[in-house]
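In what follows, a single structure is set out as structure tokens and then discussed.
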Amino acid sequence: MSHSTDTSLGQKVSALLTTRTLGRPLHYVHTVTSTNTIAMEAAQLDAPHGTSFLADYQTNGYGRRGRLWQAAEGQNLTFSIVLHLPISGTITGMVPLAAALAVSEAIAKTVPPNNPQLKWPNDILLEGRKVCGILLQSLGAQVNPIVLGIGLNVNQSTFPPELSDSATSLLLVTGQHVDRASMMASVLLHLEKTLGLLSTDPALVRKRYTKNLMGVGDNCQITGVNEKIIGTLIGIEESGALILETSKGLRTIYAGDVSLDMADN
Ligand code: BTN
């Protein structure tokens, strides 16, 4: 980890925070391998709920299924939060979805008339392109602690060729520079509220998530599991699993990538 003397982004976020627990404390580093890696190390050392790590640049940012997460230096938000949530059982599967809902609701405030869409389980898209990726990790079989990593493309104006068709940023969608510190403070507040709601009213979280879920009623294909599953996307169940209507009846999907563009399948 390389510590920088320029802690302005971290300081600006801290000054704007209105949360009770998330982002408290907030550790800023200019460059790090991955904020999820250092948050996992902190979680192992019993970091309290809300402890957050924010970086201006990650040399080895990663996403779901071991994919790389590439974000240009000093233009985006890459951060991770250690969570200890008062939940257990089925509802645990809703945490990634609740996180995506919360971030999308924070984004929604900066991008009207555009509306962020959710791609199961926790990608956030604007104009059909990914603007935010979310990665949850835990230490072992137990629910807590959870490390929630968020990569939000804020002011990046160009992407490497391999991402240019699939990625976007708040700047590209709104045509305007977005203040990263305010955006992060807003994301943390939305996360705190929505994760709280998951304990008290999970049905409401599911309802709000489903409202912006892409592809409901459409044909889709699930890949990344042992088999390829094709069906109509019906919605999500209490555990956050995806429900598909297939030629063999209803199927519940716990993991995989949803592909909605069936034209070339
Ligand atoms: C995905 O879309 O597959 C999830 C991407 C998650 C990226 C974020 S950036 C901050 C945190 N640190 C990482 O290395 N990954 C997450």
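The values are calculated or read from the model by the stated rules, or taken from the named source; none is laboratory data. None of the values given here were measured: they were computed from a predicted structure. All Cβ positions, even for glycine, are placed from backbone atoms using ideal geometry, and neighbour counts span all protein chains on display.
Return a yes/no flag: does the stretch 144-164 have any residue that is closer than 15 Å to Asn76 by Cα, among the acidic types (Asp, Glu) and out of contact with any strand residue (DSSP E or B) (no Cβ under 9 Å at 6 or more places or on another chain).
No, the conditions are met nowhere in the stretch 144-164.
Mind counting the residues in the stretch 169-218 that are in contact with a strand residue (DSSP E or B) (Cβ under 7 Å, 6 or more places away or on another chain) and of a type in the set (D, E, K, R)?
Residues meeting the conditions: 3.
Specify the residue that is nearest to the ligand (Cβ to nearest atom); the eligible residues are those in the stretch 132-159 that are surrounded by fewer than 19 Cβ atoms within 10 Å (Cβ to Cβ) and among the polar types (S, T, N, Q).
Gln137
Are any residues in the stretch 112-131 away from the ligand (no atom under 13 Å from the Cβ) and either in contact with a strand residue (DSSP E or B) (Cβ under 6 Å, 6 or more places away or on another chain) or without any contact (Cβ under 8 Å) to a residue 24 or more places away in the chain (or both), and if so, which ones?
Passing the criteria: Pro112, Pro113, Asn114, Pro116, Gln117, Gly128.
Got a number for residues in the stretch 206-244 being not in a loop (DSSP other than H, G, I, E, B) and not polar (S, T, N, Q)?
Number of matching residues: 18.
Any chance the stretch 160-177 includes a residue that's surrounded by 16 or more Cβ atoms within 10 Å (Cβ to Cβ), more than 13 Å from Leu101 (Cβ to Cβ) and polar (S, T, N, Q)?
yes
Restricting the search to the stretch 245-265, which residues are part of a strand (DSSP E or B), of a type in the set (A, V, I, L, M) and either loosely packed, with under 14 Cβ neighbours inside 10 Å or at pLDDT 95 or above (or both)?
Result: Leu250, single match.
For His177, all conditions in the list (1) in contact with a Leu (Cβ under 9 Å, 6 or more places away or on another chain); (2) in contact (Cβ under 8 Å) with a residue 60 or more places away in the chain; (3) of a type outside the set (D, E, K, R); (4) away from the ligand (no atom under 12 Å from the Cβ) hold save one; what is the number of the exception?
Only one criterion is unmet by His177, namely (2).
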